Structures are given as C-alpha cells and as structure tokens.
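Trainee: Below are the structure tokens for one structure; questions will follow.
The values are calculated or read from the model by the stated rules, or taken from the named source; none is laboratory data. Fair warning: this is a prediction, and the values are worked out from it, not measured in the lab. When we count neighbours, we look across all protein chains shown, and the Cβ atoms used for this are built from the backbone with ideal geometry, even at glycine.
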Amino acid sequence: MKRYLLIVMAIVICIVVGAPFATGIMAEKQYHSMIRTNPFEPTLKLESKRFERGLFSSRATTFVEVKDTALRETLVDKLGKDENGKLGILIHHDLKHGPLIFTTGQEIGFAIARATHHVEQNDSGRDSADEDLLQLDTRLHFDGSQTINIISRDITTKNEGAVVTLMPLSASLVTDKSYRTMKGSGDWKGMISTNNRGETLSLSDARFELDAGKSGEMWLGTVAFTQSSIALNSPEKSFQIDGLKIQSRSSEHDNRLIDSATDISLRQVKATGKVYGPGELNIAINNIPATALERLNTIQQRVVNASPSDQTFALQAAGIEALGVLPELLSHGIVINMERLYFNTPDGEVVGRFNLRLPKSNPASLLNIPHLKSIIELDAGFSLPVALIPEATMRNQVQPLLERGYLKMDGGTLKSEIRMSSGVVTMNDQVVPLPY
C-alpha cells in the first residue's frame with residue numbers, strides 16, 4: 001500500500017511539475033502555427049526570431065515585415081530594420097500558460113491564456129520597446145479557436161509634409177485554429193490627416209461587425225460598417241459625409257460561384273454650401289466565379305507589391321492581364337442588379353436602376369463581339385434634375401440626345417429608359433446604333 005501511495009504521489013508530482021512544461025510546448029506549437037498560417041499575407045510577412053519556453057510563461061519575438069508599398073510609406077517613421085535590412089515592426093510576446101492542462105469553462109489553461117505584444121518603434125534611433133503601439137489579449141479555447149481583443153493608442157506618422165494621426169481602436173475577434181473563420185466587432189475613433197497644402201481629411205467614430213469564412217483565397221460572409229462622418233477641408237472648399245452605412249453579404253454555391261450584395265446609405269452630404277441627402281444604393285452581383293476573383297486578386301497584389309519605380313509598368317501589365325480574366329468572369333451566367341439608386345438633392349431626386357444578365361457561355365465565345373452583343377440582356381432607367389448638369393455639358397452632350405429622343409424632359413427632370421436585347425439597344429424606345 002505504501003509503495004502504491006508513493007507511485008501515486010510520484011505521478012501527481014510529475015503532473016504538477018510537468019504540466020507547465022507540456023503546456024509550454026503547446027504554446028510554442030500554437031505560436032509557430034500562427035506564423036505558418038499567417039492570415040495577413042501578402043501585405044505582412046511574419047517571421048519568428050526566438051521562442052523561449054518556460055514553466056509558467058514563455059517569451060517570443062516576431063518580426064512583421066511590411067510588404068505593402070503604400071503601408072510601408074505611411075508607417076515609414078515607425079518601422080525598423082532587422083539583421084537582413086527588411087523594414088518592419090518587432091513584436092515581443094509575453095505568453096502566460098500552465099499550470100493545469102485542463103480547466104473548467106470554455107477557456108483552457110495551456111498555450112496562450114494572455115498575450116501582450118510590445119512593439120518597438122524606430123523614431124530617430126530612440127529605443128521605445130516599452131511603449132505599446134497596440135495590445136492584444138489572446139485566449140485559446142478547447143477546440144483551438146481564439147478570442148483576440150485588440151486595443152491601440154494614438155499613432156502619429158509624418159511623411160513628406162503629411163501628418164497622419166490614427167486614433168484609438170478597440171476590437172474583439174474570434175477565429176478558428178487555422179484562421180479560416182473570423183467573427184467579431186470593433187470601434188475606431190477615427191483619424192486626422194493634414195498636409196502642407198492646408199488640406200485636412202478627418203474620419204470620426206467608425207464601427208464594424210463581421211462574420212466571415214475563407215473559401216480558397218476568398219473571404220465570404222457579412223460585413224457591416226458605419227462611419228459617423230468623413231470630412232475633407234481645404235482653403236478652397238469643404239466636403240463632408242455624415243451617417244455612412246455599408247453592409248455587404250457574400251456566399252458561395254455550386255462550382256465555387258459567388259453571390260454578393262451591398263447596401264450603402266448615408267444621412268447627408270455637405271458640399272459647396274449645400275446639404276444633400278439622404279441617399280441609398282443597393283447592388284447585387286450573382287454567379288461570379290471564385291477562380292476569376294482569385295486571379296484578379298493575385299494581379300492586384302503584384303501591383304501593390306511593386307516598387308514605386310515599377311508601379312507604372314505593373315499597372316499596365318495588370319490591365320492587360322485583367323482583360324484576359326474577363327471572359328472567365330462573365331461566362332457563368334453573371335447577373336448584375338442595382339435594385340435602387342436614390343439620392344436627394346436641393347434641386348430634386350436622383351433615381352436609377354440597372355439590371356444586366358448574361359447566360360452561361362463558353363469563355364472563348366465572349367471574345368466574339370457580335371456574339372456577346374446578341375446575348376446581353378439589359379434593363380435600366382434613370383431620372384435626375386437638370387439643374388445638376390453643368391451648362392456646357394447640357395449644351396454639348398445632353399441637348400443632342402434630347403433631339404434624337406434618347407432622353408426626355410419632364411418639367412425640370414431628365415429621364416431615360418434603356419434596354420438591350422438580341423443585340424439591339426434602345427433609349428426611350430429609340431434604337432441606338434452600335435459601333436460593332
């Protein structure tokens with residue numbers, strides 16, 4: 001019996017002493033998994049610089065290389081260089097874990113129970129590793145999912161006469177183990193950007209909510225965004241949007257075809273001493289092949305990652321390559337439906353609708369212009385106040401269309417009904433000759 005008790009005690013001691021070490025191993029495994037499954041590619045590249053495993057806590061250092069050219073220029077005075085001369089940010093992790101492998105409740109006691117990331121800055125050679133640009137509180141769950149709470153402070157950058165201040169952000173996200181699903185919400189106090197021309201751009205009080213998953217390289221789901229105000233002021237003019245709301249939904253069905261819908265609304269717009277609004281836009285696009293979108297995303301990333309000296313060539317090459325994707329993009333029976341466009345102005349209402357359909361086709365056949373014309377189905381219409389049209393535009397462009405009957409005048413409102421079927425385009429029932 002005594003020997004049995006000694007064995008039991010030995011096992012208990014091994015568990016108590018060994019568990020933190022075991023959970024440290026699991027923390028390290030999860031950390032390297034995060035590096036490998038980097039959800040921020042290709043904008044940011046993650047590289048592990050060290051991992052020191054302890055009994056009750058571990059420490060890690062990650063170098064975040066900023067690959068995106070525009071982001072690199074914006075954060076230039078916050079970035080440092082690693083031993084290989086790469087520009088980025090060094091993050092120090094303090095990982096708490098142990099002493100128990102299993103705990104009650106949803107959270108687990110091993111791996112990253114809490115993590116605070118201290119970010120070093122490069123500000124005129126000043127070492128500021130003790131000053132946080134942001135803090136992350138990360139909690140792991142039994143199924144490998146994570147809850148991540150993000151808090152950032154004011155961040156000010158200066159670059160070529162421009163001063164940009166990003167105000168505090170707080171967000172909470174839940175991801176699965178492989179970072180292929182994400183759900184959460186956040187609030188952002190906004191930003192202020194000024195330049196040496198006396199122009200100021202300010203964004204205030206934004207909120208987002210998302211519930212998305214990754215299919216291939218595409219993120220699908222719902223995203224809702226609200227912005228209290230967006231204002232652009234300069235010595236010559238001022239422009240402000242209030243009460244902006246954007247909600248997007250996307251889903252995948254047969255053969256990786258994507259349906260998406262976006263609703264945009266705003267409360268008012270202030271410009272040139274006048275107040276416009278409210279406004280609303282609803283648009284849906286169905287049967288978009290995910291493979292075509294992934295190709296377009298790859299093309300876009302090549303432009304983003306190009307050096308400033310190569311940007312012009314990269315844009316030209318991207319334009320040509322994108323044209324090659326167009327037949328595939330249109331070949332699965334794409335439908336573009338703008339259900340409603342509405343915008344109130346001091347001179348009257350702007351109203352529009354747009355519905356375009358293409359049947360399923362062989363991508364090669366869509367390169368044949370006469371064939372493409374014959375299969376397009378279009379139904380659209382609009383009305384807008386004449387007072388919104390500049391006098392020169394009215395005289396040189398609108399008046400000839402009125403004389404041909406393509407446009408109609410109803411009081412102070414300009415209207416037209418546009419249709420296309422079997423290769424024939426009409427405006428207000430008047431046939432419009434096409435060049436091809």
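Trainee: Could you tell me which residue of the range 276-306 is surrounded by the fewest Cβ atoms within 10 Å (Cβ to Cβ), considering only residues that are farther than 21 Å from Leu257 by Cα and out of contact with any helix residue (DSSP H, G or I) (no Cβ under 8 Å at 6 or more places or on another chain)?
Mentor: Pro278
Trainee: If you don't mind, there's one more thing I want to ask. If you go through the range 366-404 one residue at a time, how many are touching a residue at least 24 places away in the same chain (Cβ under 8 Å) and either in contact with a strand residue (DSSP E or B) (Cβ under 6 Å, 6 or more places away or on another chain) or under 30 Å from Ala322 (Cα atoms) (or both)?
Mentor: 17
Trainee: Also, quick follow-up: So, in the range 191-216, of the ones that are out of contact with any helix residue (DSSP H, G or I) (no Cβ under 8 Å at 6 or more places or on another chain) and at positive phi, which residue ends up surrounded by the most Cβ atoms within 10 Å (Cβ to Cβ)?
Mentor: Asp205
Trainee: Taking interchain pairs and intrachain pairs at least six residues apart, which have beta carbon atoms under 6 angstrom, with the first residue in the range 157-179 and farther than 29 Å from Lys214 by Cα and the second modelled with pLDDT of 85 or more and in a loop (DSSP other than H, G, I, E, B)?
Mentor: Here the result reads Gly161/Asn195; Gly161/Asn196; Ala162/Asn195, each pair linking the range 157-179 to a residue that is modelled with pLDDT of 85 or more and in a loop (DSSP other than H, G, I, E, B).
Trainee: While we're looking at this one, here's another question. Which count do you get for residues in the range 319-346 that are charged (D, E, K, R) and either in contact with a Ser or Thr (Cβ under 8 Å, 6 or more places away or on another chain) or farther than 27 Å from Glu280 by Cα (or both)?
Mentor: Going through the range 319-346 one residue at a time, the tally reaches 2.
Trainee: Please find, among Asn337, Asn297, Asn287, the residue that is within 20 Å of the chain's Cα centre (by Cα) and not aliphatic (A, V, I, L, M).
Mentor: Going through Asn337, Asn297, Asn287 in turn, the sole match is Asn297.
Trainee: Any residue at all in the range 274-291 that is part of a helix (DSSP H, G or I), among the hydroxyl-bearing types (Ser, Thr, Tyr) and on the phi < 0 side of the Ramachandran plot?
Mentor: Within the range 274-291, one or more residues are part of a helix (DSSP H, G or I), among the hydroxyl-bearing types (Ser, Thr, Tyr) and on the phi < 0 side of the Ramachandran plot.
Trainee: For the range 345-385, give me each residue that is assigned to a strand (DSSP E or B) and aliphatic (A, V, I, L, M).
Mentor: If the condition is that a residue be assigned to a strand (DSSP E or B) and aliphatic (A, V, I, L, M), then Val350, Val351, Leu356, Leu378, Ala380, Leu384 are the ones that fit.
Trainee: Also, I was wondering about something else. Using the structure shown, decide if Glu377 is of a type in the set (Asp, Glu) and modelled with pLDDT of 95 or more.
Mentor: Taking the combined requirement at face value, the residue satisfies it.
Trainee: Surrounded by fewer than 17 Cβ atoms within 10 Å (Cβ to Cβ), of a type in the set (Ser, Thr, Tyr), more than 28 Å from Val269 (Cβ to Cβ) and in contact with a Gly (Cβ under 8 Å, 6 or more places away or on another chain) - does that describe any residue in the range 367-384?
Mentor: The answer is yes; a qualifying residue exists.
Trainee: State the number of residues belonging to the range 394-436 that are assigned to a helix (DSSP H, G or I), more than 39 Å from the chain's Cα centre (by Cα) and not basic (Lys, Arg).
Mentor: Qualifying residue count, the range 394-436: 6.
Trainee: Given the conditions (1) free of Cβ contacts under 8 Å to residues at least 12 places away in the same chain; (2) surrounded by 17 or more Cβ atoms within 10 Å (Cβ to Cβ), and given that Trp188 satisfies all but one, which numbered condition is not satisfied?
Mentor: (1)
Trainee: Being over 38 Å from the mean Cα position of the chain (by Cα) and β-branched (Val, Ile, Thr): is that true of Val350 here?
Mentor: The answer is no for Val350.
Trainee: Right, here's the next one. Looking only at the range 215-251, which residues are of a type in the set (D, E, K, R), part of a strand (DSSP E or B) and out of contact with any Gly (no Cβ under 9 Å at 6 or more places or on another chain)?
Mentor: Passing the criteria: only Lys245.
Trainee: Something else about it: Hey, Met420 hits all of (1) at pLDDT below 95; (2) farther than 30 Å from Pro346 by Cα; (3) in contact with a helix residue (DSSP H, G or I) (Cβ under 9 Å, 6 or more places away or on another chain) but one; which does it fall short on?
Mentor: Every listed condition holds for Met420 apart from (1).
Trainee: Next up: Looking at Ala60, is it modelled with pLDDT of 75 or more, of a type in the set (Gly, Ala, Ser) and closer than 21 Å to Asn149 by Cα?
Mentor: The answer is yes for Ala60.
Trainee: Hey, does the range 159-177 have a residue that's modelled with pLDDT under 65 and either farther than 30 Å from Ala290 by Cβ or surrounded by fewer than 17 Cβ atoms within 10 Å (Cβ to Cβ) (or both)?
Mentor: no
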